[in-house]
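Undergrad: What follows is a structure written as structure tokens; I'll ask about it next.
Bear in mind these aren't lab numbers, they're just calculated from the coordinates by the rules spelled out. Predicted, not measured: the structure shown is a model, and the values here were computed from it. FYI the Cβ positions are ideal-geometry reconstructions off the backbone, even for glycines, and counts take in every protein chain you see.
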Amino acid sequence: MAERSDSLTVTDNRTGKTFELPIKDGAVTGMEFRQMKTSEDDFGLMVYDPAFKNTAACRSEITYIDGEKGVLEHRGYPIEQLAEESSFLEVAQLLINGELPSKEEHAAFTQEVTTHTFVHENMKKFIEGFRYDANPMSMLISSVAALSSFYPEAGDVSDPASRRAQMIRLLAKVPTLAAFAYRHTQGLPYVYPRNDLSYPANFLSMVFNINEPDYKPHPVLERAFDVLFILHADHEQNCSTTAMRGVGSSHADPYTALSAAASALYGPLHGGANRMVLYMLERIGTKDNIPNFVEKVKKKEELLMGFGHRVYRNYDPRARIIKKLAHQVFEITGVNPLLEIAVELERIALEDEYFVERKLYPNVDFYSGLIYQAMKFPIDFYPVLFAIGRTAGWLAQWREMLEDKEQKIARPRQLYVGNSTRDYVPMDKR
Ligand code: CMC
């Protein structure tokens with residue numbers, strides 16, 4: 001028997017030539033195929049993979065997912081342990097720097113983030129320019145991009161000190177901009193950040209405080225938000241992270257790149273799904289209507305929002321934690337009446353052949369909206385809450401991309417299938 005080697009032997013049947021491609025980390029590199037040509041002036045073979053279903057665009061040490069088993073780990077730490085024992089700012093440090101911080105490192109980092117939460121007063125005027133009913137995600141996307149104009153030095157992405165400063169600023173200021181967007185839509189005065197509160201408590205204060213100098217959120221809700229931020233912190237090469245890396249690869253500043261990432265997150269197939277779940281549950285209305293709705297999903301007339309995932313072919317571990325968290329939150333806020341419909345919808349879907357066959361399970365967005373609604377956040381605000389947590393992951397991925405010697409400006413190839421060369425026809429001759 002031939003000796004096993006970490007390589008792939010390919011025969012190009014157009015020419016009869018055989019090539020041996022090295023396999024590293026479970027992959028062959030796409031560029032290896034370019035040597036396979038039918039003639040000297042042939043461009044070489046390409047790899048076609050719309051939607052990147054089987055293409056690794058980077059090596060990464062940040063997040064590991066085993067989609068078949070429903071495993072999610074950050075820098076090797078299981079999400080269940082981080083959600084149970086860590087805080088969002090600690091997870092942010094872990095994601096960005098690679099290791100859990102010491103007590104001193106964590107205190108210093110928390111202090112830095114806490115003292116960068118204010119935004120330039122002109123940002124308030126910028127947000128005031130939006131209509132009262134503007135979608136808060138549009139406001140967040142635009143205001144994060146606008147921040148870039150306040151920090152021109154951020155354009156020097158080759159300077160590690162500047163990179164670090166912008167990462168602290170973004171972690172600190174995204175919640176402030178998010179809260180200002182909320183207050184604007186409610187016609188309420190903006191609440192400035194408070195340095196005596198934790199990261200999630202400060203955010204809840206900027207959102208909900210009405211004239212209470214000593215406002216403090218309920219500790220269960222404060223912890224719930226910290227956990228929700230942790231659960232949304234990173235999820236490797238998803239659509240928005242791909243946008244962050246793609247835009248960042250042109251060496252645009254991180255505010256601009258993060259605004260692009262947030263734009264990608266906004267879509268209903270990605271972070272916008274959490275709001276679509278709530279609209280769906282409201283539309284279903286009663287448990288009796290569920291079988292009818294499920295039939296429509298099976299006929300492809302509807303999508304079951306909050307179900308399915310490109311990577312998970314098993315229960316999303318984040319959904320399991322959020323479902324448990326929801327019960328803790330409901331003890332304080334009262335039960336969201338839509339919970340009953342969600343639980344029944346999940347039960348029916350998980351037993352139905354259509355979903356079983358396709359390995360469709362609840363994802364992170366299925367239960368999170370029920371918590372947000374019980375806490376009285378408007379539905380359109382939910383993707384903004386997702387974006388606050390994901391900011392940590394976007395920044396960690398951006399840093400890793402810039403420091404990775406193998407990375408260059410992102411620039412996919414295409415298979416041109418349009419017209420071949422033809423002569424221009426004047427308008428009166430067409
Ligand atoms: N409801 C009904 N059918 C579905 C769903 C769903 N939610 N998701 C996938 N399918 C079907 C799909 O129609 C296809 O069926 P068929 O084989 O008959 O053509 C099969 O399952 C495979 O799905 P796919 O569309 O090829 O899978 P994908 O990897 O391209 O899409 C997804 C992944 C998340 C976009 C998709 O599952 C979806 O649209 N889900 C609903 C939106 C949602 O909840 N998004 C949040 C994702 S998790 C958090 C995040 O990323 O923000």
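Undergrad: Assigning unit charges at the beta carbon (Lys, Arg +1; Asp, Glu -1) and nothing else, what dipole magnitude in debye, to the nearest 20, does the chain show about its Cα centre?
TA: 1040 debye
Undergrad: Also, I was wondering about something else. How many percent of DSSP beta bridges within the chain run antiparallel, rounded to 5?
TA: Of all bridge pairs located within the chain, approximately 100 percent are antiparallel.
Undergrad: I would also like to ask the following. Aspartates and glutamates within cross-link reach of K37: Cα-Cα under 12 Å, excluding same-chain residues under 8 positions apart?
TA: Correct list for K37: D12.
Undergrad: Taking 8 Å as the Cα distance limit and 6 or more residues as the minimum spacing, I'd like the relative contact order of the range 273-374 as a percentage.
TA: Dividing the mean separation by the residue count of the range 273-374 yields 46 percent.
Undergrad: Past the 19 Å Cα-Cα mark, which pairs from K125/K376; K53/K359; K298/K323?
TA: K125/K376; K298/K323
Undergrad: Still on this structure, I have one more. Using the alpha carbon gyration tensor of the range 273-374, what are the three equivalent-ellipsoid semi-axes (square root of 5 times each eigenvalue), largest first, in whole Å?
TA: Semi-axes (√(5λ), whole Å): 21, 16, 11.
Undergrad: Give me the Kirkwood hydrodynamic radius of the range 201-296 in Å, from all C-alpha pairs, to one decimal place?
TA: 16.7 Å
Undergrad: Taking the Cα atoms only, what angle lies between the long axis of helix 317-333 and the longest principal axis of the chain, rounded to 10 degrees?
TA: The helix 317-333 is inclined about 10 degrees to the chain.
Undergrad: Now a separate question. Once every DSSP H run of n ≥ 4 in the chain is given -39500 (n - 2.57) and the sum is divided by its residues, what mean residue ellipticity at 222 nm do you get, rounded to the nearest 500 deg cm²/dmol?
TA: Roughly -15500 deg cm²/dmol at 222 nm, from the helical runs in the chain.
Undergrad: Still on this structure, please answer the following. Quick one: what do you get for the range 20-88 if you divide its Cα Rg by 2.2 N^0.38 Å?
TA: Computed over Cα atoms of the range 20-88, the ratio equals 1.67.
Undergrad: Along each of the three principal axes of the Cα atoms of the range 127-251, give the extent in whole Å, ordering the values from largest to smallest.
TA: 45, 33, 28
Undergrad: Return one quarter of the surface area of the convex hull spanned by the alpha-carbon atoms of the chain, equal to its mean projected area, in nm².
TA: Average projection, Cα convex hull of the chain: 29.2 nm².
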